[in-house]
Amino acid sequence: MGKEQRVDRALGGDMKGSLFSKILYATDLSETAKEAARYALSLANEYEAELTVVNVIPDLVEEMSAGMGYDLAAHFGQDKLDSFYEEGLEESKKAVIKRIHQVCQEAGKELESCTVQQKVEVRVGHPVEEIVKMATEGGYDLVVLGTHGHSLLDNLLLGSVARGVVKKCPMPVLTVRLKE
């Protein structure tokens, strides 16, 4: 009996193809995130699941305004900020999508016969909120993301995207400890 059959039997029967049909892989595009990409690609390949890769870009105007305690929209005008922001955002999205394809292609090379075609999406906002929203609204069965394994002190002071997604996401979340 193969590993896959043992897992399916332990889960109560032939689950292949039904356990995961839609997988969401959330990435920050760091060099270490390739390990989590390998898991996402491998699972999608094994279960013949649809794979969507998402990267969340922080809203820089909101971040800068909050960090400085200053309303940039009131100072520069919302229309001017929107125009500047949209131009920069489109360029950022193109670069992020290119990088996502590179990471997935590199990770896929390490897997035998990986035929997964992934969809790519780039969102703007708070990473935890956007990942959970996308996973819930998109009807995903599993969320895969990496975690850098920071110390408890780091998590208390800085927060953690992985911890936030695990806490708020209604479906299973696979966290992959990334190599430092």
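The set of residues from segment 137-177 being within 16 Å of residue 126 (Cβ to Cβ) and modelled with pLDDT of 95 or more comprises 137, 143, 168, 169.
As a summary of the residue check, residue 98 satisfies the conditions (1) closer than 17 Å to residue 55 by Cβ; (2) crowded, with 16+ Cβ neighbours inside 10 Å; (3) modelled with pLDDT under 85 except for the one numbered (2). The single condition among (1) closer than 22 Å to residue 144 by Cα; (2) at pLDDT 75 or above that residue 116 does not meet is (2).
The values are calculated or read from the model by the stated rules, or taken from the named source; none is laboratory data. Just so it is clear, the structure is predicted and the values come from calculations on it, not from any experiment. Cβ atoms come from the backbone with ideal geometry, glycine included; neighbour counts cover every protein chain shown.
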